[in-house]
1. Relative contact order for the chain: what is it in percent, counting Cα pairs under 8 Å that are at least 6 residues apart?
2. Test of understanding: what is the full-extension gain from Ala112 to Lys173, defined as 0.36 nm times their sequence separation minus their Cα-Cα distance?
3. Please give, to one decimal in nm, the separation of the simple spin-label points placed at Asn63 and Tyr11, each 7 Å out from Cα toward the Cβ.
4. Hey, what's the per residue convex hull volume over the C-alpha atoms of the stretch 131-208, in cubic angstrom?
5. Pull up all non-local amide H partners of Arg61: gap of 5 or more, or a different chain, and H-to-H distance under 5 Å with H placed in the peptide plane.
6. What share of all Cα pairs of the stretch 58-176, in percent, falls into each consecutive 5 Å distance bin?
7. Arrange the peptides 183-192, 29-38, 63-72 so that the one whose residues have, on average, the most other Cβ atoms within 10 Å appears first.
8. Using the alpha-carbon centroid of each, what span in Å lies between the stretch 99-116 and the stretch 26-86?
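Read-outs: derived from the displayed coordinates by stated rules, not from any lab. What you see is a predicted model, and the numbers here were worked out from it, not measured in a lab. Cβ placement follows ideal geometry from the backbone for every residue including glycine, while neighbour counts extend to all protein chains displayed.
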Amino acid sequence: MLAVHNLEVVYEDVMLAVRGASLSVAPDAIVAVLGANGAGKTSLLRAMTGLLDIHRGKITRGNVSIDGAELDTRRAASVVRAGVGQVMEGRRVFVEFSVEENLKVGAHTVKASGIAEKLDRVYGMFPVLADRRHSSAGYLSGGEQQMVAIGRALMSDPRYLLLDEPSLGLAPKMVELIRDLIVEINDAGTGVLLIEQNAAMALSVAHHGYVMENGKTVMDAPAQVLRADEDIQEFYLGLGGEGGSLRDVKHYKRRKRWLS
Ligand SMILES: Nc1ncnc2c1ncn2[C@@H]1O[C@H](COP(=O)(O)OP(=O)(O)OP(=O)(O)O)[C@@H](O)[C@H]1O
Ligand SMILES: [Mg+2]
């Protein structure tokens, strides 16, 4: 079980971005984290994967553990070795590198002799990437770049994969493809933590979900319960008449206050 206990994250010693977030991901589960812009989702993920440092952030309280053993979240490589892979927001591929070079970056903790096998596995999962293995990643479409980012994270053979808004900016067909891949990855034995603004997509595959607001996890329930929840439907699934995408939640809430 991957677990976050009462985590607090502060940037530049002043900006409190996460203020008591707790969650857990069972090794066979897909867990969704929903929340509006600025709720602290990305900060939570950075904290879990040892990437706060480069953003001048720090964990000031709480911890992250796997099966009770605390992760060294000050060192990204140590987190990867402990079995946690991540796909950051905005599919950060190295645009001048080839697809294969990008994938190899994800294998920095893997023994040289094991790399070919891992590449084969990723190419098996993403045939498009196999065909383009020597092309610059920068020439790929947004969806293909997202596949590179996911493939790169899979190169370390993680027990848990954390994804930050993998569907953002992708066409509906591509979102479907990414969603199916997430299910496939999970079926193959990887626990998944899926951060999404696209709540409909996330809740369609998740077993369990959390909602973050103002740096806190404020809801924690099976996905089917969240799907049926009126507030979730209104603010996150756009089913509340006027409700739009999650990006409009703040605006919508404000408007609703004015109208009432
Ligand atoms: N490097 C940073 N330095 C200072 N403040 C930051 C930094 N990164 C994020 N923040 C702030 O922390 C808060 C949480 O941001 P975060 O990016 O974690 O939210 P999010 O839920 O991922 O939002 P989005 O849905 O827009 O991606 C925001 O107020 C943001 O401005
Ligand atoms: Mg974010």
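1. Computed value for the chain: 25 percent relative contact order.
2. Details: separation 61, 0.36 × 61 = 21.96 nm, distance 3.59 nm.
So the extension gain works out to 18.4 nm.
3. Each label point is offset 7 Å from its Cα along the Cβ direction, giving 2.7 nm.
4. Enclosed volume per residue, from the Cα hull, is 99 Å³.
5. Here the answer is Glu8, since their amide H atoms fall under 5 Å of that of Arg61.
6. Going from the shortest bin to the longest, the percentages are 2, 12, 20, 22, 19, 12, 8, 5, 1, 0.
7. On the way: 183-192: 16.2, 29-38: 21.7, 63-72: 14.4.
So the peptides 183-192, 29-38, 63-72, ranked by packing, come out 29-38, 183-192, 63-72.
8. 22
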